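Enquirer: Mind looking over this structure? Questions follow.
The values are calculated or read from the model by the stated rules, or taken from the named source; none is laboratory data. Here the structure is a predicted model, which is why all the values come from computation and not from measurement. Every residue, glycine as well, gets a Cβ built from its backbone with ideal geometry; the counts of neighbours run over all protein chains shown. Just the protein is used for accessible areas: all its heavy atoms, side chains included, with ligands, DNA and RNA removed. Shrake-Rupley method; radii C 1.70, N 1.55, O 1.52, S 1.80 Å.
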Number of protein chains: 2
Amino acid sequence: MKRFLFPILVLAAAVTLHGQPSRYVDPFIGTAGMGHTFPGACVPFGGIQLSPDTDTIPHNVAGRYQARVYDHCAGYRHDDPTIVGFSHRHLSGTGHSDLGDILLMPFTGQVRLNPGTADAPEKGYRSRYSHENEVASPGYYAVDLTDDGIRAELTATPRVGVHRYTYPAGARQQLVLDLGHGIYNYEGKVRWSTLRVENDTLLTGFRLTDGWARTNYTYFAISFSKPIADYGAKDRRPGPYNGFWRRFDTSRSFPDMAGQDLAAWLAFEGEGPLVVKVAVSAVDAAGAVRNLQAEGRGGFEELAAAAREAWDARLGAFEAEGTEAEKTMFYTSLYHTMINPSVYMDVDGQYRGVDGNIHKAEGFTNYTIFSLWDTYRAEHPFLNLFFPKENADMIRSMLAHQEQSALGMLPVWSLMGNEGWCMSGYHALPVLADAIAKGTFTDIDAALKAMAATAENPLYEGMEDYLRLGYVPFDRSSTAASTTLEYAYDDWTLYAVAKKAGNTDLAGRYGGRARNYRNVFAPGTGYARPRYADGRFKEPFDPLQTYGEGFIEGNSANFSFHVPQDVRGLIREMGGEKVFLERLDRLFAEDLDPIYYKDNEDIEAECLIGGYVHGNEPSHHVPYLYAWTSEAWKTQYWVREIINRMYRSGIDGLGGNDDCGQMSAWYLFTAMGFYPVCPGTDQYVIGAPYLPYVKVLLPNGKTLEIKATGVSDKNRYVSSLTRNGIRHDCRYVTHAEILEGGVWEFKMTAKPDKRALRNAPMPYSLSDPRQDLLRKVLR
Amino acid sequence: MKRFLFPILVLAAAVTLHGQPSRYVDPFIGTAGMGHTFPGACVPFGGIQLSPDTDTIPHNVAGRYQARVYDHCAGYRHDDPTIVGFSHRHLSGTGHSDLGDILLMPFTGQVRLNPGTADAPEKGYRSRYSHENEVASPGYYAVDLTDDGIRAELTATPRVGVHRYTYPAGARQQLVLDLGHGIYNYEGKVRWSTLRVENDTLLTGFRLTDGWARTNYTYFAISFSKPIADYGAKDRRPGPYNGFWRRFDTSRSFPDMAGQDLAAWLAFEGEGPLVVKVAVSAVDAAGAVRNLQAEGRGGFEELAAAAREAWDARLGAFEAEGTEAEKTMFYTSLYHTMINPSVYMDVDGQYRGVDGNIHKAEGFTNYTIFSLWDTYRAEHPFLNLFFPKENADMIRSMLAHQEQSALGMLPVWSLMGNEGWCMSGYHALPVLADAIAKGTFTDIDAALKAMAATAENPLYEGMEDYLRLGYVPFDRSSTAASTTLEYAYDDWTLYAVAKKAGNTDLAGRYGGRARNYRNVFAPGTGYARPRYADGRFKEPFDPLQTYGEGFIEGNSANFSFHVPQDVRGLIREMGGEKVFLERLDRLFAEDLDPIYYKDNEDIEAECLIGGYVHGNEPSHHVPYLYAWTSEAWKTQYWVREIINRMYRSGIDGLGGNDDCGQMSAWYLFTAMGFYPVCPGTDQYVIGAPYLPYVKVLLPNGKTLEIKATGVSDKNRYVSSLTRNGIRHDCRYVTHAEILEGGVWEFKMTAKPDKRALRNAPMPYSLSDPRQDLLRKVLR
């Protein structure tokens, strides 16, 4: 291996805890069921996710296909019978889809420039494949394409996808390059594409797509390990100007191709494997060539080894004990936290901003794919704790996004230099606040400015009314109740930062807004409920109903708990601890009628624990809310229950979309025994470890060992925790305490010690308990 | 005026010959009939041609509209009843069309986001207008939009179009910005567009078009002299993803718009004129903003004055005497030589190359719009003689194009960072050769390399056969005969450069290829005729027929004379001087049956002089071919005849497409008494001056006065020429002789002195006359 190519990764590898943890990762987990993960090759936070696409259901075909579109967010479904080809960018675990850029497919025999169908792959370039010899591991994927007997292997660098195709001896070695291919493709999603044959081993090109990423520039450069012997192309949807090309036969050996739906074929001479390297850039093809030159040197084996080493360097910061299945789930979850966000920048620092302009990232790495409605909860806190440099660069990327945004807003859903506006809230704020609270991002002034600009934008959903009324009215937004709850929490994070910065004006303003959640709790009901601009609450109202009741992807029974910033205040709103505990208990225990979730693509029966929906994010912190009550031990019960049922080590083992690592980060925190219920504080609420032993190499060089000897489904309760020999009688642990490292010993028991934490300090709440008392006295 | 903005132009203005020659320019000339010119505002070689579009006939409507599409190449037709709006880029005098980018239209009253029709302008945003107060002068255009009573005025800088709209008092001041508008528009020509409201006086955006320029990036920045009070937009062809924008009302006050067919409206508050400045860039919107900042400072009057001064600086290098109509034609022709080629580069030197990549022009200005089939003949030689710096930069632009070209070829038709492949030949070669022959471009090695790469490309039309057979076979190309003639001349220019560089290999190879024209002269006929790969000539064959006989936009009767590099050899091929003269005489005198040109959009009765087609370029040098015969005086007769009939000072006064200045450059050379029959030599064949006096400020600072006292339709013959008092007994004048400057006196007479030049040296021919003699003797 040419080690100079990966000096940082190699260096990092030198300080991992142990050898090859990548062997425990199973990228197939989540590729069936609802996980929406992909099995293909990538490096940690890499801009390339090179993976097989097993179907390409267009967006605008008959409605009955919609579910299948949703199924194919990540391009690959384990139960699909054919592979269409291998494309270079994929979202990991999302509930909406895009990308699938620059598809290659090897073939022998007759040239076919259409993909064909799963029923009749022989009519197109796609192929049947076998799971038998299919291999997926971090940075490597391989499969037999059985129709033509081709072995396909994939690996990746941050900006280059690397293919090795082994054709049958004596067969003509050919490839299709389909620039019209895409995930969630509709007729016209690809607005334009170009393809140039620069020389007999190099292609360059471009495509502009209008997908979920509305204006997505993808330039590329493709090199081959042997010369192109012949090639041709066809624009399957030619425009009227093509007559101008009469001077040439543009269908064959013409090096300057373009079209809206362009597919090309290439033939290569000679025996032996064909290695193809594909670099992308959002700047221009010259940028893609520079990326290729910088990262694409070396043979396939060398690059695959480097990719695996890059993963081992990251994964090796953790050492876990448990059954093989438990270790698989642990390391696979860790793997899934480092696919998205992804690098979105050329090797020279240039990238395309949200304003469409070309920018240079000065002093940071620019990232995209911020699924913030999901990832502010645990994914970013996880990165903030264990990979703070990357998380800080993600924040710098968000600040650049805010500067470039036409609305002057931090990202809501950052996707390939675009704002995808998916889901609600402005949850970049908690990500910034969390990093500031934990000292991993220090430019508070820049953050505060960007946060305030975001939280004051009158154009954003219901904001004008929210500022006036203290809640988003149901007249204005169909998700008015959940949006109000989300805004109030996000506002609290701004309050927290302003307070830290000593900005009393902002702290006052946002401290008030942080309490706006109260405005949607219908008095006497204890449930958040949508409210009209005139002050009335919606009537009738069903807190179990997911549809039409003012909540996004959830019901009031779950979403009413979304007050992480002020659990004490929430308990009061709900009617006191007794009611609060009844409500929590009922949530996990009740037998929810399927009428409440049928046809909801985000809620399926297997994602439910009672009425608790783990497969969707709004409830992720809920099992930890017992920590604010006298029955904190119930958290210990339910978190293990959730892991057992929602994180099964199998292809369909994920109990919902992985959502760019959020589901996985929940698992990792929980498995280690603590969880960031309220990002923006420096606290992690203590639950109960799932694994008997986890050792972590902290970013400050110290190690933390978390021991839960004898933990099991039976021994799931914590009777005590000692940190470095000293008893930790607290319901939470601080960031600083984690960074001290050392040894934590959880004593696990089969029966809860219901008195253990009774007098232990509770986690943060905006409402001061003494003020609560005062209020009670004065009433 | 802020003079620091235009230091170079102001400096140039200081050394002009006289005051305001721009007053003689009539931009309306050619806006009716076949001229295909536009009346709008631009500066010399500027990248902005801001002009009214009077119709936008789509490309793919019923065939009967095709002629109208052709009519609207420049966007404006003087006889159209309505103006659709004002767009920023136009081709000057071409026979094919594109551009019409970034259309603005002022209006009052109800918002309409469709253009409406010429029959019912009130149903859309277009307006009737009046010629009465319509004004066009270099750098300035004004018109009354009568429907809403708005005065529209336009001016330009190299990269910024400037609009001043004066609305009726009390009316709501509004604008339409139609990003779906284009010239030669078809459904889907605009592949994608974006529009951002950066602040209340600045818009930015982008559109990607697939027109004649196949992948055309147009970024823009638009500033307003008063704040935007309200705005909205509509994508008239929305894609399926627009549902994601449900979080906003994207139709109103939403600052981040996009779509395939986007039209926006803007409203402004307050009285007084609205000034709008529109900058473009092919790099990104930030580039457009920089262009706006660099060039867009100052008020409308100031910028219009600067534009006029820029023209006066250029036009003022010439001083002509004649009737008002003659001076109008002279200066208007001069004006038309400096619209295209046009700057294609941001103020910081960045531009988008033919490879789609962003390049920086180091040490030169990058230009585009090279209509080389037309302009190699007289337009580039004209610039080479009088504006050699610009011509040399155009050559550098061509060399950059060659480096970036997927085919490694110099431009055939350079259009906005694209290769348009319009017409035949590789006529960048004569442009390079001419500059090298005349010492205005000195990097011979770079030129020779690019020329050879271009002339050896086996992919290019018929080249493989041409290299094998010595002619392009009719089996391969429908324009095989003319293409062979064109290749042979272009090859000669490479020979000439190779010879100068002392590269005997290349000189030998291309000296041979320069004689390939002979291969398409059917023995004994004296006519070029298409030939099959097996050697047979096409039978039957009609040398007058334009269609299907192997010639592009011309017939054999004209095209057979296309051997400028070897007129002596041509005379021999035709059967000797007697036959050659008969053929020339007949060409000008014969009564061509309309069956030979009906339905040809490039040949109309009024463009004909006998069978000579001046409106199309292949014959432009033909009237000068008498110089190689004993009847040189006939040139003097016919060139005046051509000017009288093809260059009439009126809106429909041009006898054909101006073709980016080629027609105009022919006029200018001819009016001064000489013409570059064979670019690539240093010779200009002497004809007869049309005007009694022309004085030119040469680029070396010297002046040249050309006197033809008493010249008239009657006194059209030259009996003698003295240069600085010394009799010039030669049929041509060299480049160096012109650069000596001084005074030329043509003695004009009513009767030709048929013996005057009998013994005078003939212009260059590849065939050496002594060799001819030797061959005769040996036969």
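Enquirer: Identify all residues within the range B:416-429 that are out of contact with any His (no Cβ under 7 Å at 6 or more places or on another chain) and touching a residue at least 40 places away in the same chain (Cβ under 8 Å); write none if there are none.
Expert: B:Met416, B:Gly417, B:Asn418, B:Glu419, B:Gly420, B:Met423, B:Ser424, B:Gly425, B:Tyr426, B:His427, B:Ala428, B:Leu429
Enquirer: Okay, moving on. Right, A:Val718: surrounded by fewer than 24 Cβ atoms within 10 Å (Cβ to Cβ), in contact (Cβ under 8 Å) with a residue 60 or more places away in the chain and of a type in the set (A, V, I, L, M) or not?
Expert: no
Enquirer: Where residues in the range A:738-759 are touching an Asp or Glu at 6+ places or on another chain (Cβ under 9 Å) and under 20 Å from A:Trp628 (Cα atoms), which of them is surrounded by the fewest Cβ atoms within 10 Å (Cβ to Cβ)?
Expert: A:Asn759
Enquirer: I want to confirm something. Restricting to the range B:1-48 and keeping residues that are in a helix (DSSP H, G or I) and at pLDDT 50 or above, which single residue is surrounded by the most Cβ atoms within 10 Å (Cβ to Cβ)?
Expert: Among them, the one singled out is B:Pro21.
Enquirer: Take the residues in the range A:597-619 that are more than 18 Å from A:Pro543 (Cα to Cα) and open to solvent by less than 10 Å² (accessible area, probe 1.4 Å); name whichever of them is modelled with the lowest pLDDT.
Expert: Per the criteria, the residue is A:Cys607.
Enquirer: Starting from the range B:193-220, take each residue that is more than 10 Å from chain A (Cβ to nearest Cβ) and list its partners that are among the aromatic types (Phe, Trp, Tyr) and assigned to a strand (DSSP E or B), counting only C-beta distances under 6 angstrom and pairs at least six apart or across chains.
Expert: B:Thr201/B:Phe224
Enquirer: Return the only residue of B:Ala325, B:Ala307, B:Ala285, B:Ala313 being open to solvent by less than 10 Å² (accessible area, probe 1.4 Å) and away from chain A (no Cβ under 12 Å).
Expert: Of the residues listed, the single one that is open to solvent by less than 10 Å² (accessible area, probe 1.4 Å) and away from chain A (no Cβ under 12 Å) is B:Ala307.
The rows are residues; the columns are (1) free of Cβ contacts under 8 Å to residues at least 60 places away in the same chain; (2) within 21 Å of A:Phe268 (Cα to Cα); (3) open to solvent by 10 Å² or more (accessible area, probe 1.4 Å).
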{"site": "A:Leu99", "(1), (2), (3)": "no, no, no"}
{"site": "A:Asp119", "(1), (2), (3)": "yes, no, yes"}
{"site": "A:Ser127", "(1), (2), (3)": "yes, yes, no"}
{"site": "A:Ala156", "(1), (2), (3)": "no, no, no"}
{"site": "A:Gly161", "(1), (2), (3)": "no, yes, no"}
{"site": "A:Pro168", "(1), (2), (3)": "no, yes, yes"}
{"site": "A:Arg172", "(1), (2), (3)": "no, yes, yes"}
{"site": "A:Val176", "(1), (2), (3)": "no, yes, no"}
{"site": "A:Tyr184", "(1), (2), (3)": "no, no, yes"}
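Enquirer: Does A:Glu295 qualify as being acidic (Asp, Glu), more than 30 Å from A:Leu654 (Cα to Cα), in contact with a helix residue (DSSP H, G or I) (Cβ under 9 Å, 6 or more places away or on another chain) and away from chain B (no Cβ under 14 Å)?
Expert: yes
Enquirer: Could you give me the residue pairs with C-beta distances under 7 Å whose first residue belongs to the range B:732-748 and is over 24 Å from B:Asn715 (Cβ atoms) and modelled with pLDDT of 95 or more, whose second residue is part of a strand (DSSP E or B) and of a type in the set (S, T, N, Q) wherever it lies, and which are 6+ apart or on separate chains?
Expert: Listed by first residue and then by second, the contacts come to B:Thr734/B:Gln683; B:Gly741/B:Thr703.
Enquirer: Among what's in the range A:390-412 and is within 12 Å of another protein chain (Cβ to nearest Cβ) and in contact with an Asp or Glu (Cβ under 7 Å, 6 or more places away or on another chain), pick the residue that is surrounded by the most Cβ atoms within 10 Å (Cβ to Cβ).
Expert: A:Val412
Enquirer: I've got another one for you. Kindly state which strands (runs of 3 or more DSSP E) lie completely within the range B:62-157 and contain at least 2 residues that are within 25 Å of B:Gly615 (Cα to Cα).
Expert: Where strands (runs of 3 or more DSSP E) fall fully within the range B:62-157 and carry at least 2 residues being within 25 Å of B:Gly615 (Cα to Cα), they are B:127-137.
Enquirer: Please work out if A:Arg112 is open to solvent by 10 Å² or more (accessible area, probe 1.4 Å), modelled with pLDDT of 95 or more and either within 33 Å of the chain's Cα centre (by Cα) or β-branched (Val, Ile, Thr) (or both).
Expert: Here the answer is no, as A:Arg112 does not meet what is asked.
Enquirer: Now, a different point. What residue, among those in the range A:158-179 that are assigned to a strand (DSSP E or B) and not hydrophobic (A, V, I, L, M, F, W, C), is nearest to the other protein chains (Cβ to nearest Cβ)?
Expert: My answer is A:Asp178.
Enquirer: Of all residues in the range B:413-425, which are more than 13 Å from chain A (Cβ to nearest Cβ) and modelled with pLDDT under 95?
Expert: Listed by number, the list is empty, since nothing qualifies.
Enquirer: Here is a follow-up. Identify the residue in the range B:467-481 that is in contact with a helix residue (DSSP H, G or I) (Cβ under 6 Å, 6 or more places away or on another chain) and modelled with pLDDT of 95 or more and, among all such residues, is most open to solvent (accessible area, probe 1.4 Å).
Expert: B:Phe474
Enquirer: Follow-up. Kindly check whether there is at least one residue in the range A:425-446 that is at positive phi and surrounded by 18 or more Cβ atoms within 10 Å (Cβ to Cβ).
Expert: Checked against the condition, which is being at positive phi and surrounded by 18 or more Cβ atoms within 10 Å (Cβ to Cβ), the range A:425-446 yields at least one hit.
Enquirer: On to the next question. Of the conditions (1) of a type outside the set (Ser, Thr, Tyr); (2) crowded, with 24+ Cβ neighbours inside 10 Å; (3) modelled with pLDDT of 95 or more, A:Cys73 clears all except one; give me its number.
Expert: The number of the failed condition is (3).
Enquirer: Among the residues of the range B:227-241 satisfying the criterion of being more than 7 Å from chain A (Cβ to nearest Cβ) and touching an Asp or Glu at 6+ places or on another chain (Cβ under 7 Å), which is modelled with the lowest pLDDT?
Expert: If we take residues in the range B:227-241 being more than 7 Å from chain A (Cβ to nearest Cβ) and touching an Asp or Glu at 6+ places or on another chain (Cβ under 7 Å), then B:Arg237 is modelled with the lowest pLDDT.
Enquirer: Mind listing whichever residues of the range B:725-755 are over 34 Å from the mean Cα position of the chain (by Cα) and assigned to a strand (DSSP E or B)?
Expert: Answer for the range B:725-755, where residues must be over 34 Å from the mean Cα position of the chain (by Cα) and assigned to a strand (DSSP E or B): B:Ile726, B:Arg727, B:Thr749.
Enquirer: OK, next. Answer yes or no: is there a residue in the range A:354-362 that is within 14 Å of another protein chain (Cβ to nearest Cβ) and either among the aromatic types (Phe, Trp, Tyr) or crowded, with 24+ Cβ neighbours inside 10 Å (or both).
Expert: yes
Enquirer: If I ask for residues that are modelled with pLDDT under 90 and either exposed (fewer than 14 other Cβ atoms within 10 Å of the Cβ) or of a type in the set (S, T, N, Q) (or both), which ones from the range B:760-779 would you list?
Expert: The answer is B:Asp768, B:Pro769, B:Arg770, B:Gln771, B:Leu773, B:Leu774, B:Arg775, B:Lys776, B:Val777, B:Leu778, B:Arg779.
Enquirer: Test A:Asp200 against the criterion of being open to solvent by 10 Å² or more (accessible area, probe 1.4 Å), in contact with a Pro (Cβ under 9 Å, 6 or more places away or on another chain) and of a type in the set (D, E, K, R), and give yes or no.
Expert: Yes, satisfied.
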